[in-house]
Amino acid sequence: MTIFHLNLEDCVRGMARLLAGSIDLVVTSPPYNLGVRYSKFSDRADRAGYLRWCKTWAAKVARLLKVDGSFFLNVGASPVLELRDLFVLQNTIHWIKSISIEEKNDEIVSRGHFKPINSRRFLNDCHEYLFHLTAEGKTPLDRLALGVPYQDKTNIARWSHTRGRDRRCRGNTWFIPYETIQRREKERPHPATFPVELAEWCIKLHGVSRVHTMLDPFLGIGNSAVAAQNCGVPKFIGFEIDESYLAEAKRRIG
């Protein structure tokens, strides 16, 4: 059973109270400063102010993260963060939200959540970044926890590293579409969430047995908390400044 500590508080103040080196895993998605309409947060800061704010909360995360911990940071398609003096970028993961593939019979198959934009200059954004940040760039991962079968089964015997298993690393492109909803205000009452499955994959990739305490500084409606519960993480800490979002997060974890 997961023990939850969900706090109605600014994450910078809240994280300052936690013990240094006490967090195994951080999965979060901060505001992108793209003008998203949150109810208690202005997403329209000037660029310099936004970067200073990001450096402030990221420094708190760096203080809390264990040497062999993982920080999975989900940001939009135009990231502007500068965190190189706080973390090592160990992996760059591409979260694919929508994709169209041409099959051999010329049929085009489309999958996922497609959100169109009206523009004569820009393409529709069908992916976001998930940066895997660590203290030293040496954090081991359970790569086969998200593994997939080989399409060409002869590879199992051809490559010694398979050890006879029909399982290979999935790689750094993750296709995870949103669940279809009918009414946003009732089913997904938050303007910018990632799927629960995305957080679950982060937990599994780091190694479920190695995650004792998990943190999300920008909890929102609690998708990371639900993922922690689904994976049996012993302790979860979250911070959120909006009472309605926090109430929804608590409702979802029961």
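Hey, rough spin-label estimate for residue 107 and residue 55, points 7 angstrom out along Cα→Cβ, what's it come to in nanometres?
5.4 nm
Percent of accessible area on the chain owned by carbon and sulfur, 1.4 Å probe? Let's see the in-between values first.
Working: 7290 of 14500 Å².
Using a 1.4 Å probe with all protein chains present, the chain comes out at 50 percent carbon and sulfur.
How large is the helix-only mean residue ellipticity at 222 nm for the chain, computed as the sum of -39500 (n - 2.57) over DSSP H runs with n ≥ 4, divided by its residue count, in deg cm²/dmol to the nearest 500?
On the way: 7 runs with 63 residues, N = 254.
Computed mean residue ellipticity for the chain: -7000 deg cm²/dmol.
If we count every other residue with Cβ under 10 angstrom of residue 155's Cβ, Lys/Arg +1 and Asp/Glu -1, where does the sum land? Kindly include the intermediate steps, with their values, before the conclusion.
Details: positive: 153, 158, 168; negative: 152, 166.
It works out to a net charge of +1.
Give the percent of DSSP beta bridges with both residues in the chain that are antiparallel, rounded to the nearest 5. Mind dumping the intermediate values first?
Details: 19 of 39 bridges.
Around 50 percent antiparallel, to the nearest 5.
Let me check against my output: what whole-number percent is the relative contact order of the chain, with C-alpha pairs under 8 Å and at least 6 apart?
Working: 478 pairs, mean separation 71.3, N = 254.
The value is 28 percent.
Sort 168, 120 from largest to smallest accessible area, using a 1.4 Å probe on the heavy atoms of the protein chains.
So, going from the largest accessible area down, we get 120, 168.
How much accessible area per residue does the chain have, in Å², with a 1.4 Å probe? Display every interim value, and only then the final one.
Working: 14500 Å² over 254 residues.
Accessible area per residue: 57 Å².
Can you tell me the FRET efficiency between residue 13 and residue 166 if r is taken as the Cβ-Cβ distance and R0 is 45 Å, rounded to the nearest 0.05? Write down the numbers at each step before the final one.
On the way: r = 49 Å, r/R0 = 1.09.
The calculated FRET efficiency here is 0.35.
Of 67, 117, 16, which is farthest along the charge dipole of the chain in the positive direction, counting Lys and Arg as +1 and Asp and Glu as -1 at C-beta?
67
Just 212, 127, 161 to compare: in a GNM of the chain, with alpha carbon springs under 10 Å, which one fluctuates most?
Of 212, 127, 161, the most mobile in the Gaussian network model is 161.
Using a basic spin-label model with each label point 7 Å from the Cα along Cα→Cβ, how many nm lie between residue 20 and residue 63?
Computed distance between label sites residue 20 and residue 63 equals 0.9 nm.
The values are calculated or read from the model by the stated rules, or taken from the named source; none is laboratory data. Being a predicted model, the structure only gives us computed values, none of them experimental. For neighbour counting, all protein chains shown are included, and Cβ atoms are generated from backbone atoms with ideal geometry for every residue, glycine included. For accessibility, only protein heavy atoms count, side chains too; no ligands or nucleic acids. Shrake-Rupley method; radii C 1.70, N 1.55, O 1.52, S 1.80 Å.
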